[in-house]
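Structure record follows, encoded as structure tokens.
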Amino acid sequence: MTVSSIDKENIAYQRKLEVELYTTQLTGAAASHTLLRTLVSNLFQVSQGRFGDQKRLQNELADKIKAENGFDFIQHAKIREDLQKGRIGLSRNRLPAETSIEDVSMEEVANLADITDNQLGINALKAGKVAVLSLAGGVGSRWTKGAGVIKAIFPFTEMEGKHRSFVEVHLAKTAKTAKTYQAKPPHLIATSYLTYDAIATQLKQAKNYGYKGDIYLSKGKSIGQRFVPMVRDLRFLWEEMPQEKLDENKEKVRTAGRSALKGWAKEKGEGADYVDNLAKQRFSPLGHWYEVPNLLRNGVLAELLQKYPAVETIMLHNIDTLGANLDPVALTQHLASGNMLNFEVVPRRLEDSGGGLAKVNGKVRLLEGLAQPHEEDELKLSYYNSMTTWIQVDDLLAWFGLTRADLTKDAAFLYEAVRKAAQRMPSYVTIKEVKYRWGHGQEDVYPVAQIEKLWSDMTAMPDISCGFMVVDRKRGQQLKDPAQLDAWVNDGSKAYVAELCGWD
């Protein structure tokens, strides 16, 4: 926290004493000069100099990021207005407290283990009617613990004598499907401004890991600018949501720090664009709901359907759902259902937190953890969302008010179609912490607000037909943390995935 943003009268006596002890123990001119320069630069930020040059540079870079990644100024202004007027916020993420949350019955899901028919799926694969979409827009902060590594290209396991990355495993599965059914399913990889360059470079260097089919990199065309948080959201986060209780002295320090951050939010302007940082720290992906609309905005779907007009179905999956593949049984179930979307769910384990498959006010849908009215609601749910989704392309286009012919129209037309659909989707407000480095090696941590729209909320739309398939844990399990690797190997999941792969 910089000196200029703190109410000096509220600084704890213990903190003042620490500063006094530190300054009295300084030895050497260099240390004293550093301290003096830091204090002066934060108390009297008058001269621009190098600071002004850096700020201009970061503003120019921010404008470039916006231009290259489809920043929607109209949508951003609407979201900012909703945030400032309280239409969206941390407390409004949740469904009303009186919402009925029940578990689904066996009759309301299809169990893939009980299905033996696969002919429709085999026919569709042989006819080239299916494509794969791997979501790789996130950097996988939970996987890397904050390290600067793109999860999709992280070599996480050894197979066939080599360390393999997530993308390499998925391409190997598609390659085996292609060989088995004498087809070459196109493989799409959805990226964001954080991951596009790294994934593109790695694929080029690795020569697509030997995959002989077409790979389409879908560049992110939906990016959100972070906001200075609303004080009401900070208050809700710190005072109403569950958190660890500290001892008396630590609690006083934490309370003082949080009070200063509330003051910072008021000073900067609640709900204002967050601009006090490096350009890349000002932005965030808008949530995985936009991964499919990005295909419309960046022209990738138009390009795909022009070369592969027979494609009618896309299987969407997270990059860390390693067991998902073009299984003809699952494909048959999807096609036979007649649904626009079919989602794969897995039997829920205790460690699976963040929602699941539920009957919400009588409607079967996927319930996100952010939307749960009560924390204990998910304990009654039997199934957890794997995020793997079978999509009928033309039905989905129709929901956006589009046809295949519309995909070649100008960008403004397509942006408006996506914008109208996005307005129907819930917007979740989350508070993230970002580091701000200043002075000579010093850094502060600030809370910022960012907005997310989530793909699973498509199941809440009344005009979308959705089905749900229960799949084996090995197929639907997601690897979110390296700590899961031992269990993933020991329970046979690694061997299961290896059997699905065809290595060149």
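The values are calculated or read from the model by the stated rules, or taken from the named source; none is laboratory data. Everything numeric in this text was worked out from a predicted model, so none of it was measured. Note: ideal-geometry Cβ built from the backbone for every residue, glycine included; neighbour counts use all protein chains shown.
Could you please give the count of residues in region 114-153 that are of a type in the set (A, V, I, L, M, F, W, C) and either touching a strand residue (DSSP E or B) at 6+ places or on another chain (Cβ under 8 Å) or not in a loop (DSSP other than H, G, I, E, B) (or both)?
13
From the list HIS334, HIS374, which residue is touching a Phe, Trp or Tyr at 6+ places or on another chain (Cβ under 7 Å) and over 16 Å from ARG473 (Cβ atoms)?
Only one candidate passes the filter, namely HIS334.
Given (1) under 24 Å from GLU240 (Cα atoms); (2) within 20 Å of the chain's Cα centre (by Cα), identify the lone condition not met by GLU98.
(2)
Basic (Lys, Arg) and in a loop (DSSP other than H, G, I, E, B): which single residue out of LYS176, LYS184 fits that description?
After ruling out the rest, the residue left standing is LYS184.
Would a scan of region 210-222 turn up a residue that is aliphatic (A, V, I, L, M), in contact (Cβ under 8 Å) with a residue 12 or more places away in the chain, assigned to a loop (DSSP other than H, G, I, E, B) and not assigned by TED's automatic domain parsing to the domain that holds GLU68?
no
Could you grab the pairs with beta carbons closer than 6 Å, sequence gap of 6+ or different chains, first residue in region 101-115 and on the phi < 0 side of the Ramachandran plot, second one outside any loop (DSSP other than H, G, I, E, B) and among the basic types (Lys, Arg)?
Cβ pairs passing all conditions: GLU102/LYS359; ASP103/LYS380; VAL104/LYS359.
Quick check on region 321-335. Is at least one of its residues under 18 Å from LEU454 (Cα atoms) and surrounded by fewer than 24 Cβ atoms within 10 Å (Cβ to Cβ)?
yes
Looking at (1) farther than 21 Å from ARG365 by Cα; (2) outside the structural domain of GLY263 (by TED's automatic domain parsing); (3) of a type in the set (S, T, N, Q), which is the only condition GLN442 fails?
Every condition holds for GLN442 apart from (2).
May I ask you to verify whether LYS262 is out of contact with any Phe, Trp or Tyr (no Cβ under 7 Å at 6 or more places or on another chain), surrounded by 14 or more Cβ atoms within 10 Å (Cβ to Cβ), outside the structural domain of LEU316 (by TED's automatic domain parsing) and part of a helix (DSSP H, G or I)?
Criteria met by LYS262.
Out of all the residues in region 154-173, which are assigned to a helix (DSSP H, G or I) and in contact with an Asp or Glu (Cβ under 9 Å, 6 or more places away or on another chain)?
Across region 154-173, the qualifying residues are PHE166, ALA172.
Check whether at least one residue in region 199-209 is in contact with a Lys or Arg (Cβ under 8 Å, 6 or more places away or on another chain) and under 26 Å from ALA279 (Cα atoms), and report yes or no.
No, because not a single residue in region 199-209 is in contact with a Lys or Arg (Cβ under 8 Å, 6 or more places away or on another chain) and under 26 Å from ALA279 (Cα atoms).
What are the pairs, 6+ residues apart or on separate chains, where a residue within region 486-504 that is closer than 15 Å to VAL169 by Cα has its Cβ under 9 Å from a residue that is surrounded by fewer than 16 Cβ atoms within 10 Å (Cβ to Cβ) and of a type in the set (Ser, Thr, Tyr)?
Hits for this filter: GLY502/THR180.
Which numbered condition in (1) under 25 Å from the mean Cα position of the chain (by Cα); (2) outside the structural domain of SER165 (by TED's automatic domain parsing) is the only one that SER493 fails?
Tallying (1) under 25 Å from the mean Cα position of the chain (by Cα); (2) outside the structural domain of SER165 (by TED's automatic domain parsing), SER493 fails exactly one: (2).
May I ask you to list the residues in region 378-416 that are in the same structural domain as GLY299 (by TED's automatic domain parsing), among the aliphatic types (A, V, I, L, M) and more than 27 Å from SER337 (Cα to Cα)?
Matches in region 378-416: ALA411, ALA412, LEU414.
Checking the conditions here, which among GLY140, GLY128, GLY148, GLY86 is on the phi > 0 side of the Ramachandran plot and at pLDDT below 90?
After applying the criteria, what remains is GLY140.
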